[in-house]
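Data block below; observations after.
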Amino acid sequence: MTTDVTPELAEAIQRGYDQRDRANMAPTIAYFQALLAEHPDHPVLVYEVGGAYDTAGQEETARGYYERALALGLDGDVLRRCLCQYASTLRWLGELDKSLAVLERARREFPDSDSVRVFRALTLNDAQRPDEAVAELLTVVTGHAEVTDLGRWAVGLRGLAQWLADGRPE
């Protein structure tokens with residue numbers, strides 16, 4: 001199965017996003033379903049259909065599309081995005097252990113991804129693991145200290161993040 005997205009298909013996907021109305025996702029879902037019908041089992045389009053259902057608040061339906069897209073084979077940035085969205089959907093469905101497992105995979109495959117860290121922080125917070133959640137977020141923020149006014153505090157905050165992640169050792 002090819003994961004290639006031709007320029008024409010990329011343009012069609014972008015058109016779907018450009019026309020999206022988050023308050024009424026039915027037309028967007030129909031649009032991406034029609035694209036998928038033209039390109040059956042294209043993993044990127046399966047993922048996009050899942051994303052449309054997810055945005056509509058239909059997490060259980062989105063879940064099936066994300067799982068199918070992953071099984072069909074995704075790679076690169078679209079794999080990262082799918083793993084984050086799938087984990088977020090699992091979090092909304094209350095399946096926190098599964099969400100964390102998906103995010104662990106994402107972390108292994110995309111170790112420098114801020115989005116993976118942010119979605120992991122959300123799941124950790126819901127799993128009543130606030131220190132780990134804050135540690136993840138501090139790691140993201142201090143990784144970009146040059147675009148904040150953290151200045152000299154960034155190093156100390158990175159240390160705090162590690163201390164929290166390590167379970168507040170004595």
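The values are calculated or read from the model by the stated rules, or taken from the named source; none is laboratory data. Computed from a prediction, not measured in an experiment: that's the story for all the values here. As a convention, Cβ positions derive from the backbone with ideal geometry for all residues, glycine included, and neighbour counts pool all protein chains shown. Accessible surface areas use protein heavy atoms only, side chains included; no ligands, DNA or RNA. Shrake-Rupley method; radii C 1.70, N 1.55, O 1.52, S 1.80 Å.
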If the Cβ limit is 8 Å and pairs must be 6+ apart or interchain, which residue in the range 109-124 that is free of Cβ contacts under 8 Å to residues at least 60 places away in the same chain pairs with which residue that is part of a helix (DSSP H, G or I) and loosely packed, with under 15 Cβ neighbours inside 10 Å? 124/130
Cβ pairs under 8 Å, 6+ apart, first in the range 4-18 and open to solvent by less than 100 Å² (accessible area, probe 1.4 Å), second aliphatic (A, V, I, L, M) and not in a helix (DSSP H, G or I): 13/5
Taking the condition of being surrounded by fewer than 15 Cβ atoms within 10 Å (Cβ to Cβ) and in contact with a Lys or Arg (Cβ under 9 Å, 6 or more places away or on another chain), how many residues in the range 72-125 meet it? 3
The residue from 107, 68 that alone is out of contact with any Gly (no Cβ under 9 Å at 6 or more places or on another chain) and of a type in the set (Lys, Arg) is 107
When residue 53 is evaluated against the numbered criteria (1) crowded, with 17+ Cβ neighbours inside 10 Å; (2) farther than 30 Å from residue 23 by Cα; (3) of a type in the set (Phe, Trp, Tyr), which criterion, by number, is the only one it fails? (2)
Checking residue 23 against (1) surrounded by 20 or more Cβ atoms within 10 Å (Cβ to Cβ); (2) in a loop (DSSP other than H, G, I, E, B); (3) among the small types (Gly, Ala, Ser), which test does it fail? (1)
In the range 58-84, which residues are farther than 16 Å from residue 13 by Cβ and free of Cβ contacts under 8 Å to residues at least 12 places away in the same chain? 58, 61, 71
Pairs under 8 Å by beta carbon, first residue under 18 Å from residue 132 (Cα atoms) in the range 147-163, partner of a type in the set (D, E, K, R), six or more apart or different chains? 161/136
Just name the residue that is nearest to residue 16 (Cα to Cα) out of those in the range 41-50 that are open to solvent by less than 20 Å² (accessible area, probe 1.4 Å) and not hydrophobic (A, V, I, L, M, F, W, C). 48
Given (1) over 30 Å from residue 3 (Cβ atoms); (2) open to solvent by 40 Å² or more (accessible area, probe 1.4 Å), where does residue 138 come up short, assuming only one miss? (2)
Scanning the range 141-153 for residues that are open to solvent by 40 Å² or more (accessible area, probe 1.4 Å) and touching a Ser or Thr at 6+ places or on another chain (Cβ under 8 Å) gives 141
Whether any residue in the range 59-70 is part of a helix (DSSP H, G or I), among the β-branched types (Val, Ile, Thr), farther than 29 Å from residue 138 by Cβ and open to solvent by 20 Å² or more (accessible area, probe 1.4 Å) is what I want to check. yes
Evaluate the range 33-47: report whether one residue or more is closer than 21 Å to residue 91 by Cβ, in a helix (DSSP H, G or I) and not aliphatic (A, V, I, L, M). yes
Among the residues of the range 25-35, the number that are under 9 Å from residue 56 (Cβ atoms) and not hydroxyl-bearing (Ser, Thr, Tyr) is 3
